[in-house]
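A short write-up of the structure that comes next.
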Amino acid sequence: MTQTASPPTAVDASAGPLAGFVIADFSRVLAGPYATMLLADMGATVIKVEAPGGDDSRQWIPPHREGVSTYYLSCNRNKHSIVLDLKDEEDLAVAYQIIDSADVLVENFKPGGLARFGLDRDSTARRWPGLIHASITGFGSRGGHDMPGYDLLAQAMSGLMVVTGSPDGPPQRAGVAMFDVITGLHTAVGILGALIERSTSGEGQSLELNLLTSALSGLVNQTTGYAACGNVPMRLGNDHPSLFPYGPFMAADRELVICCGNDAQFRRLTAVLGAPELAEDPRFQHVAERNASRDDLRDRLTSLLATRTAQEWFDALQQQGVPCAPILGIDEGVDLAAQLGLEPVVQAGSAGDAVPLIRHPVDFSRTPVQYPKQPPALDQDREAVLHWLAQRQGETQ
């Protein structure tokens, strides 16, 4: 994949609901870069400051696109890369100039790791009182101060792995770094909230986020069940702890996911299956009873579903408003979104060197998301960023 230096005017060429805001992005890997990509998609000018070795995720191969890690590509479009060695006085001065122009600083260094450069939250609050400083760690700046911030560690220590997998199998990780992504979403939401507050107070503030707190929030009903009533959940495989039927069921040829979130949906399911009497059985009439008798109900449903293929049942159930779905691969899921008109794949960059990536998840009616810039090569935008800084300094003198 060919990547060329951006023209100087490209740094401020964005549009969207966050056009005009500047993000100094000192974050690496996924949680921070995902947050800043969402902001960049919405029009913020994001300057990606990288150490001489570059973002670690640049090296995470396979898979790759023309030698470039798709992990890196997934969360770095619409940004401008400049390499700065903060231990070098001249580079540190450039970093300060970037923050001089920034509304937000995002970083995921270990707690205290930026203090020697005067970029910790206390130092930035003194030097840039209007700055929003968003800091992401693995386990906070107190007791978890020295714990490395890898998503899998948060999956292990949050309880996610204990509630994921078969009841008689080992704890299981999720198929994606979900707590990095959730923390990135929380970071973006927090930054937007802080920008709104600053618009009235005129003051910046520091935001602290960590993977474990985001994980516990993201586990929603599972963690709340423990906090509110002492319930400690365990692995249920593909079963839902509070709903049944709610999961995959074997048809004649393969599994089909069926989701009944209320009694009306269950009645429609039994009608389509040709067994309406199940909905009148006292053991299955209501959610609580179905949960208590799920083994008996599972046997009945499985024997009925075995009479037709998954596709046949899918067509019949869809027509009657019963939530259901085939189990698809990633490729099939992306293709389905395209068939539904959701346009899941966008081209980031100019026509000659655009990179196909997954679209921003929000549709704006008046200020649509744009994708003018592909994920930058390491230090690709140095000259553009330095030119942009010189222009901004000239404007303030």
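Of S303, S214, S242, which has the largest mean-square fluctuation in a 10 Å C-alpha GNM of the chain?
Greatest mean-square fluctuation among the candidates belongs to S303.
Tell me, L152, L160, L219 in order of fewest to most beta-carbon neighbours within 10 Å? Don't jump to the answer; show the numbers that get you there.
Values: L152 15, L160 23, L219 19.
Listing L152, L160, L219 from fewest to most nearby Cβ atoms yields L152, L219, L160.
Counting other Cβ atoms within 10 Å of each Cβ, which trypsin sites (Lys or Arg not before Pro) in region 120-180 have at most 11 and sit in a DSSP loop?
Working: sites: R121, R126, R127, R142, R173; in loops: R142, R173.
When the trypsin sites (Lys or Arg not before Pro) of region 120-180 are filtered for loop state and at most 11 Cβ neighbours within 10 Å, R142 remain.
Pick out, from I23, S350, A288, the residue whose Cα sits farthest towards the positive end of the charge dipole of the chain, with +1 on the Cβ of Lys and Arg and -1 on the Cβ of Asp and Glu.
A288
Roughly how many debye, to the nearest 20, is the charge dipole of region 255-326 about its Cα centre, given +1 on each Lys and Arg Cβ, -1 on each Asp and Glu Cβ, and no other charges? Intermediate results must be reported in sequence, preceding the final value.
On the way: 8 positive and 11 negative charges, 20 e Å.
Result for region 255-326 is approximately 100 debye, rounded to the nearest 20.
Could you calculate the FRET efficiency of E90 with A377 from 1/(1 + (r/R0)^6), where r is the beta carbon distance between them and R0 is 35 Å, rounded to 0.05? Don't skip to the answer; put the middle values down first.
Details: r = 22 Å, r/R0 = 0.63.
It comes out at approximately 0.95.
Of all DSSP beta bridges in the chain, what percent run antiparallel (nearest 5)?
Working: 14 of 36 bridges.
Antiparallel bridges: around 40 percent, rounded to the nearest 5.
Would you mind ranking D55, D85 by Cβ crowding within 10 Å, fewest neighbours first?
On the way: D55 24, D85 14.
So the residues, fewest neighbours to most, are D85, D55.
Which distance in Å, rounded to a whole number, links the C-alpha centroids of region 24-54 and region 75-90?
9 Å
Which whole-number percentage describes the relative contact order of the chain, with Cα contacts under 8 Å and a sequence gap of 6 or more? It would help to have the intermediate numbers written out before the result.
Values: 692 pairs, mean separation 80.5, N = 397.
20 percent.
For a quick check of your reading of the filter: which trypsin sites (Lys or Arg not before Pro) in region 321-397 sit in a DSSP loop and have no more than 14 other Cβ atoms within 10 Å? Could the numbers behind the result be given before it?
Numbers: sites: R359, R366, K373, R382, R392; in loops: R359, R366, K373.
When the trypsin sites (Lys or Arg not before Pro) of region 321-397 are filtered for loop state and at most 14 Cβ neighbours within 10 Å, R366 remain.
Using a 10 Å cut-off around each Cβ, can you sort V189, V232, V94 from fewest to most neighbouring Cβ atoms? Show your work: numbers first, answer last.
Values: V189 13, V232 10, V94 18.
By the 10 Å Cβ count, ascending, the order reads V232, V189, V94.
Is region 240-323 best put as rounded, prolate or oblate by its Cα gyration tensor, with a ≥ b ≥ c the root eigenvalues, rounded for a/c under 1.5, and otherwise prolate when a/b is larger than b/c, oblate when not?
Values: a/c = 1.58, a/b = 1.45, b/c = 1.09.
The shape class here is prolate.
Just to confirm a number: summing +1 for Lys and Arg and -1 for Asp and Glu over residues other than D100 whose beta-carbon lies under 10 angstrom from that of D100, what do you get? It would help to have the intermediate numbers written out before the result.
Working: positive: R127, R392; negative: none.
Cβ neighbours under 10 Å give a net charge of +2.
Estimate the FRET efficiency between L236 and R116 by the formula 1/(1 + (r/R0)^6), using the beta-carbon distance for r and 41 Å for R0, to the nearest 0.05. Numbers along the way, then the final one.
Values: r = 48 Å, r/R0 = 1.17.
FRET efficiency, L236 to R116: 0.30.
Determine which lysines satisfy two conditions relative to K87: a Cα distance under 24 Å, and not lying fewer than 8 residues away in the same chain.
K48, K79, K110
Any read-out appearing in this document is the output of simple, stated calculations on the displayed coordinates, not a laboratory observation. These figures come from a predicted structure and were not determined experimentally. Backbone-built Cβ (ideal geometry, glycine too); neighbour counts: all protein chains shown.
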